[in-house]
Amino acid sequence: MRNHLVEYGQALLEARDLARLQLARIAHHNIQVIRLQSHPKPQEIIAILVVRNEAHRLLDCLRHHREIGVDRFAILDNGSSDETLNLLADQPDVDLYATTAPYAESRNGSFWRSWLLRRYGHGRWYLTIDADELLVYADMSRHDLHDLGAFLRSWSAKMFFAPMIDMYSDSPLNEVIYRSGDKQIDACPFFDGDSYRICRSHHGIVGLEGGPRARLFGSKALLRKHPFFYWDKTGRRPNGHEYRAFGSRLAPSGALLHFKFLPDLNEKISYAIESRAYYNEGAEYRSYRDGLQGSSSISYEGSRKYYGPESLIAAKLMQKIHWGSKRPTRSLLVSALSSRPLYSSIEVADR
């Protein structure tokens, strides 16, 4: 019991120290409160986003996550020059914030997300996503995020693992058609069916490696995220890709459908390279610039079409959730760290 209490105390101290560091780093960012709703109820699920010039994607992102149970959106706009602010101001379930501070000073937005977390407080479920990400999981048409949160808490889990799955069209990039308000999945319904592998880093954080980024651009990025999580006083959340919490199990997995390969890609590449605000000064975007042409197609013979979460389950990129089970199924994390593949057809590799 004493060791347990010592670990708990250490987790509290680490979480507090990280919060102080983040607040100090953004104290001069002059974050403005544009609009707030009434005080949120404890049972409300809040989605947190940091956006810039995402007016054409936001309607689909908001619609999708409302349908699966998000009650409120807390969105920070970072100097948008399009209709993003006007669009968000018309949404009745959006709390809106704004800053023009440099994105690079926020550690890719993670300090701003943590600032928002502290405003809404501990003791609730949160979803942290980008405008080009849609969370999916097994049986989501019958079980919303409130059901998922209750399921996770029933066996003391505080987080939900959902790696990014890059989506794309089978048409050349310059022929992809997408308009504001359209469903992103209609424009980009394909994903890599055989290029992903489960891998673990030297510090034990598990994710997927592969997809079109690795296949076309040689990316070694570890596609790991824990976007849905229960925030308490022991939680350390330095960024969207990692979650550290005391005494927490990892849940069965979902996925984040990631829609990078839409018609605005060239604009995003130019901004990332010129601003040097993203990770490693936008090195990933430079690889996109060098490797993609307008006539390029992302699809290949291993591409699969997405028809719903069951498509990812069939491709062994996501697990079923046994909603009535009183015991958790063996998680992706436990499977990889014990060197016992959860899915025999996917390689588990050390990095």
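The values are calculated or read from the model by the stated rules, or taken from the named source; none is laboratory data. Since this is a predicted model, take the numbers as computed values, not measurements. Virtual Cβ from ideal backbone geometry, glycine too; neighbours counted across all protein chains shown.
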Residue 128 vs. criteria on the phi < 0 side of the Ramachandran plot and touching a Gly at 6+ places or on another chain (Cβ under 6 Å): yes
Conditions (1) of a type outside the set (Val, Ile, Thr); (2) part of a loop (DSSP other than H, G, I, E, B); (3) without any contact (Cβ under 8 Å) to a residue 12 or more places away in the chain; number of the one not met by residue 108: (3)
Tabulated pairs, the stretch 27-56, first within 20 Å of residue 145 (Cα to Cα) and part of a loop (DSSP other than H, G, I, E, B), second among the small types (Gly, Ala, Ser) and at pLDDT 95 or above, C-beta under 6 angstrom, 6+ apart or interchain: 45/69
Any hit, the stretch 65-76, residues being of a type outside the set (Asp, Glu), part of a helix (DSSP H, G or I) and surrounded by fewer than 20 Cβ atoms within 10 Å (Cβ to Cβ): yes
Hey, residue 101 surrounded by 22 or more Cβ atoms within 10 Å (Cβ to Cβ) and either assigned to a strand (DSSP E or B) or of a type in the set (A, V, I, L, M) (or both) or not: no
Condition check for residue 118: of a type in the set (D, E, K, R) and at pLDDT below 90: yes
Residues within the stretch 199-214 that are touching a strand residue (DSSP E or B) at 6+ places or on another chain (Cβ under 7 Å) and at pLDDT 80 or above, tallied: 6
Neighbours by Cβ (under 6 Å, 6+ apart or cross-chain): first from the stretch 295-314, part of a loop (DSSP other than H, G, I, E, B); second among the β-branched types (Val, Ile, Thr): none
Restricting the stretch 250-284 to residues that are outside any helix (DSSP H, G or I), at pLDDT below 75 and more than 23 Å from residue 162 (Cα to Cα), the residue that is nearest to the chain's Cα centre (by Cα): 277
Test: residue in the stretch 124-136 that is over 15 Å from the mean Cα position of the chain (by Cα), under 22 Å from residue 184 (Cβ atoms) and touching a residue at least 24 places away in the same chain (Cβ under 8 Å): no
Qualifying positions in the stretch 129-144 - within 14 Å of residue 164 (Cα to Cα) and in contact with a Phe, Trp or Tyr (Cβ under 8 Å, 6 or more places away or on another chain): 132, 133, 134, 135, 137
Some residue of the stretch 120-137 being within 24 Å of residue 213 (Cα to Cα), among the polar types (S, T, N, Q) and in a strand (DSSP E or B): yes
Qualifying residue in the stretch 154-165 (condition: more than 18 Å from residue 61 (Cβ to Cβ), among the hydroxyl-bearing types (Ser, Thr, Tyr) and either in a strand (DSSP E or B) or in contact with a Pro (Cβ under 8 Å, 6 or more places away or on another chain) (or both)): no
Criterion violated by residue 181 - all others in (1) over 24 Å from residue 61 (Cα atoms); (2) modelled with pLDDT of 85 or more; (3) part of a loop (DSSP other than H, G, I, E, B) satisfied: (1)
The stretch 149-173 - residue that is touching a Gly at 6+ places or on another chain (Cβ under 8 Å) and more than 18 Å from residue 262 (Cβ to Cβ) and, of those, surrounded by the fewest Cβ atoms within 10 Å (Cβ to Cβ): 156
